[in-house]
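Notes to accompany the following structure.
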Amino acid sequence: MQKQWKIGQPDVTAAAALSEALGITQICAEVLLSRGISSPQLAKDFLDATPLSNPFLLMDMDKAVARIMQAIENSEAICVYGDYDCDGVTATVMLTDWLTYAGANVRWYIPTRKEGYGIRKEQIDMLKAQGTSLIITVDNGISAVEEASYIRQCGMELVITDHHRPGDVLPDAVAVVDPHRADCPSPFKQLCGAGVVLKLIAALEGGDYDSAIEQFGDLAALATVADVVDLSGENRYLVKRGMELLRNTERMGLLSLMAVCAIDNHKPITAAMAAFQLTPRINAAGRFASASIAARLLLTDDPEEATLLAAQIQTLNDERRATEKVITEQILDTICQNPQVLHHRVLVFVGENWHHGVVGIVAARLMERFGKPCFLLSREDGEGYRGSARSFGTFSVFDCLHACAPHLVRYGGHPGAGGFTVAAESLTAFCDAIEAYAAANHAAMPAMTVHAERAVSAADLNIRNIDGLRILEPYGAGNPQPMFALLQVLVQERISIGGGKYAKLKGLQGNVPIELLIFRCTAEESGIRTGMQYDFLVTPEVKQFQGRAQLGIRAEEWRVSGLQQAQMIAAEQAYEAYCRKESLPSAYYAKMCPDRDALVAFYQATERNPQPMELICRRLKDTDMNYCRARICADILSELQLIEHNIVADTVRLLPVRQKRALSESTILHEIHALAHQ
């Protein structure tokens, strides 16, 4: 499905006033305006970042502090109970570290992914046998209503710190610290689990943040980035401060982890570095072995142990990437063998023993690649099928799962993502129910939308302008790195770089030369051809190389210039409805049905080397060749073995002619012709 580009048009005059009022560049002011930050005061509030509010404003924080201090004074056995993702690991490390130096009798426990999220009865029994009297949850616990009652029955007490939304009933605990409690007066709600723990540590120190941030701001910032919470308000302050601390960290585990990532901590460390290099490795431990490896790495003071653990995590991360690649390739092979699956409203793929730690990542990447919600299920011995789903726009994963609940063993999630378990005998019914829900609630599925701040000229993309955008960092959820539309670029040269893995484009916008980098695919896979004009969405940045500032412009999305996106998306939706055998207005079939001239024109526009389908449409725009008709031409000519249509890449190429074929041999042509003339 084509992505919809939305290109902002900020008021240039208003931006000039904002630029003058704040002393920022014009292009930076335009970015702020495109994001709805329209006044100098709003801009100042955003750029300055809101300091952390009083930790005691969190409901039950006073109760949590009193009970924890009592446990420290009485040398009670305390267990910090965490979660296996980066947020849960860092939160566990932070609180365990603080309690250790406070002289507490403390241990920590993080369940494995196989044990599952949250605290379970088996672990409660284990902690009871170990003599634990106080359990403190971090990044979990808000849904543990039955488990909290069992803890009390076992003679232990519970303090919950969490950031997930509570249900109708709160667990029975000494304290439930969660900013999403309906009765919580704390002004900022979007903290991650480690952010809540940072506030707990500050409260344990009497409400003073200085020491808590100095000791744990780096870990809290990593967790905030990893958990993809909104980087506004207190989170923006936390990440901004945390990235500074990360550069000067003395924590052996982080130093070793940065070393395996080849991050130079003598240079500024950005949230993007944390998001794409550090946090995936911390998560890899929980996905492919045990999150305890990552926790031990972040807790150790021993340089030798830190080096060994970081190397182990690097190996696990390599395994994670290799596993993702294998699963993705299996799914792409499935699509090539059965292209019809891409015409469904929702993509559903089923495999055997796909590693549950990465199916969510693969689902997200397939969603991004094909522009549709994606559900992945893996058959596991004795457990039926476990799955993960990812979505966007108005299609809610949680609402879909709720509608399919009769076919599910369990499920959970939110609009953008979810997890679920399906009994083996319910698999077919569940897959059918997903498509039925989508059809009933989305006559037209949402198109994935990509936002650009505004259209720019090549001359706008200079070091001064782009360096002036640094004031907007840190980038992340709610504050993405600025993206701009660079239109009508004539591509003159396409160069393979990085050992053939990436591409560099050289071209002209008007008379201004421009160089673009593509890191998502190879030069060949990009489908970009020299001598053609393209529109690009780009993210520019300034980096230092050998002491000199250099501008790099990364192409994120591209399409042939002159494409009418609304018509393209509508035509694609009509084609997919036709492929699903859904009824369409009779006028649609007449518009879709190709005559002999259209088929000949399509065939003659095709070359022996693969070309993007949109390029064929562009070449034939004067022959009324819309995308829908082009796809049907491709289907007919593929059926006759005259061309090959790669459905995954959406490219076509000529096949060697082995025998003369008549158009009358095509079943597809007969079917569409009958519909057009009924």
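The values are calculated or read from the model by the stated rules, or taken from the named source; none is laboratory data. Quick caveat, the model's predicted, so the values are computed rather than measured. Virtual Cβ from ideal backbone geometry, glycine too; neighbours counted across all protein chains shown. For accessibility, only protein heavy atoms count, side chains too; no ligands or nucleic acids. Shrake-Rupley method; radii C 1.70, N 1.55, O 1.52, S 1.80 Å.
Roughly what % antiparallel, to the nearest 5, for the DSSP beta bridges in the range 282-404?
55 percent
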Q.
Can you give me the distance in nm between label points at L655 and A272, each placed 7 Å from the Cα along the Cα-to-Cβ direction?
A. 4.3 nm
Q. What is the P(r) of the range 1-92, as percent of Cα-Cα pairs per 5 Å bin from 0?
A. 2, 11, 12, 10, 10, 8, 8, 10, 9, 8, 6, 4, 1, 0
Q | Dipole of the chain, positive direction: furthest Cα of S34, A226, S53, with charges on the beta-carbon | A | S34
**Q.** Student exercise, the chain dipole from Lys, Arg, Asp, Glu Cβ charges, in Debye to nearest 20
**A.** 2100 debye
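Normalised by the empirical 2.2 N^0.38 Å for globular proteins, what value does the Cα Rg of the range 158-286 take? If you can, show how the numbers build up before the last one.
On the way: Rg = 15.6 Å, N = 129, 2.2 N^0.38 = 13.9 Å.
Dividing the Cα Rg of the range 158-286 by 2.2 N^0.38 Å gives 1.12.
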Q. For E473, E557, E146, what's the largest-to-smallest order of accessible area, 1.4 Å probe?
A. E146, E473, E557
Q: Over the range 187-246, calculate the relative contact order: mean separation of alpha carbon pairs under 8 Å at least 6 apart, over the residue count, as a percent.
A: 40 percent
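Given R₀ = 22 Å, FRET efficiency for Q9-A459 by Cβ-Cβ distance, to 0.05? Before the final figure, lay out each step's value.
On the way: r = 19 Å, r/R0 = 0.85.
E between Q9 and A459, to the nearest 0.05, is 0.75.
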**Q.** Packing-based order for 510-520, 526-536, using average beta carbon neighbours within 10 Å, highest first
**A.** 526-536, 510-520
Q) What's the extension gain from E425 to N353 if we count 0.36 nm per residue and subtract their Cα-Cα distance? A) 24.2 nm
Q: Using a cut-off of 14 Å between beta-carbons, work out the net charge of the residues near L127 (Lys and Arg +1, Asp and Glu -1, L127 not included).
A: -1
Q: Among DSSP beta bridges whose residues both lie in the chain, state the antiparallel percentage, nearest 5.
A: 65 percent
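Rounded, prolate or oblate: which fits the range 173-245 when a ≥ b ≥ c are the square roots of the eigenvalues of the alpha-carbon gyration tensor, with rounded for a/c under 1.5 and prolate only if a/b beats b/c? Could you put the intermediate results ahead of the total?
Values: a/c = 1.93, a/b = 1.23, b/c = 1.56.
Here the range 173-245 falls in the oblate category.
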**Q.** Set of lysines with alpha-carbon distance to K543 below 19 Å, sequence-local pairs under 8 removed
**A.** K240, K267, K504
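What FRET efficiency do you get for E214 and L47 if R0 is 30 Å and r is their Cβ-Cβ distance, rounded to the nearest 0.05?
Working: r = 23 Å, r/R0 = 0.78.
Rounded to the nearest 0.05, the efficiency is 0.80.
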Q) With each label point set 7 Å from Cα along the Cα-Cβ vector, what nm distance links A259 and Q544? A) 2.3 nm
(Q) Given the DSSP H assignment, sum -39500 (n - 2.57) over each helix run of at least 4 residues in the chain and divide by its residue total; what's the result at 222 nm in deg cm²/dmol, nearest 500? (A) -13000 deg cm²/dmol
Q.
Report D for the chain in µm² per second (integer): Stokes-Einstein, Kirkwood Rh on Cα pairs, 4 °C, 1.567 mPa s.
A. 47 µm²/s
(Q) Just to compare against my own numbers: the Cα pair-distance distribution for the range 554-678, 10 Å bins, whole % per bin, please. (A) 12, 45, 34, 8, 1, 0
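Could you work out how much longer the chain between K121 and C154 gets when fully extended? Use 0.36 nm per residue separation minus the Cα distance between them, nm to one decimal. Don't jump to the answer; show the numbers that get you there.
On the way: separation 33, 0.36 × 33 = 11.88 nm, distance 1.05 nm.
That pair, K121 and C154, stretches by 10.8 nm at full extension.
Considering Cα pairs under 8 angstrom that are at least six residues apart, work out the relative contact order of the range 315-385 and quote it in whole percent. Walk me through the numbers before you get to the answer.
On the way: 63 pairs, mean separation 23.2, N = 71.
It comes to 33 percent, rounded to a whole number.
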Q) How many nm is it between the label spots at L508 and V169, if each spot is 7 Å from the Cα in line with the beta carbon? A) 7.4 nm
Q.
Students often forget the sequence filter, so: which aspartates and glutamates lie under 20 Å Cα-Cα from K3 once same-chain residues fewer than 8 apart are removed?
A. E368, E453, E525, D535, E556, E557, E572, E576, E614, D650
Q) What ranking do 261-271, 193-203, 305-315 get when scored by the average of other Cβ atoms within 10 Å per residue, highest first? A) 193-203, 305-315, 261-271
**Q.** the range 48-164 - Rg over Rh from alpha carbon coordinates, Kirkwood radius
**A.** 0.96
Q: Kindly identify the range 288-427 as rounded, prolate or oblate by the Cα gyration tensor criterion: order the square roots of the eigenvalues as a ≥ b ≥ c, call it rounded if a/c is under 1.5, otherwise compare a/b with b/c, prolate if a/b is larger, else oblate.
A: prolate
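Compute the FRET efficiency between E244 and V600 as 1/(1 + (r/R0)^6), taking r as their Cβ-Cβ distance and R0 = 51 Å, and round to the nearest 0.05.
Values: r = 65 Å, r/R0 = 1.27.
Efficiency computed from Cβ-Cβ geometry: 0.20.
How do H355, H673, H343 stack up against each other in accessible area, from largest to smallest, with a 1.4 angstrom probe? Mind showing how you got there, number by number?
Numbers: H355 60, H673 95, H343 10 Å².
Largest accessible area first, the list is H673, H355, H343.
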Q | the range 496-543: C-alpha gyration tensor shape, a/c 1.5 cut-off, then a/b vs b/c | A | oblate
